[in-house]
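Take a look at the structure set out below.
What follows draws every value from the coordinates through simple rules; no lab data is involved. In this text the structure is predicted, and so the values were computed from the model without any measurement. Glycine also receives a Cβ, built like all others from the backbone with ideal geometry; neighbour counts cover every protein chain displayed.
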Amino acid sequence: MLIVSDTGPLRYLIETDTINALPRLYGNVLTTSTVVEELRLPHFPSVVRQWAQHPPTWLLVEQPLRVDFLDQLDAGEASALSLAVERHADAVLIDERNGTVFARSKGLSTIGTLAVLEEAGLSGFIDFHDAIRRLTEETRFRHGRALIDQLRADFEQAQRQHPKEN
């Protein structure tokens, strides 16, 4: 599965200490040097900046041949979506609403941080409830209470329907 990531999901998965779920779920993940540079900006938490100084080997950094969409998106989103279009990615990891709508308008599937946490939790790779607590209480992730409550309910229902085999 070919996944390209924007800045937001990487940031929040690093901050919640769930970043290592990505290679377990998707194998290698692609991003751009623009995204990695954004993760190193001074306004990001130190844990994010340090991670971006030495990204893991499963994070493959490539540049698209041409960056499109700069008139509609920020530089990180534009580079990630340009790479995703160019490489015919299966999905883009992206949280920002306008970027998500734009990606879908280009025929790209999108996956957000919340979906990654749910899938990783259902797969047994992370403690879902702790990850959601950390995301909502310890980061600047923008969310609505109703959305988080629905996600928790969906997670509980999925767990009841498909309990993990021990």
Quick check: Cα centre of segment 92-119 to Cα centre of segment 1-33, how many Å?
12
Can you give the FRET efficiency for HIS88 and ARG24, using 1/(1 + (r/R0)^6), R0 = 22 Å, r = Cβ-Cβ distance, to the nearest 0.05?
0.40
Degrees separating the helix 75-87 axis from the principal Cα axis of the chain, which is the longest one:
90
Under 5 Å from the placed amide H of ILE111, counting only residues 5+ away or on other chains, we find VAL92, LEU93, ILE94
What ratio of Cα Rg to 2.2 N^0.38 Å holds for segment 50-148?
1.19
Dipole moment magnitude, nearest 20 debye, the chain about Cα centre, only Lys, Arg, Asp, Glu C-beta charged
60
Candidates per GluC sites (Glu not before Pro) in segment 45-117, loop by DSSP, up to 14 other Cβ within 10 Å:
GLU62
Distance histogram for the chain (every C-alpha pair counted, 10 angstrom bins, percent rounded to whole numbers)
10, 39, 37, 13, 1, 0
Between LEU70 and ARG160, the FRET efficiency computed from the C-beta separation at R0 = 45 Å comes out, to the nearest 0.05, as 0.50
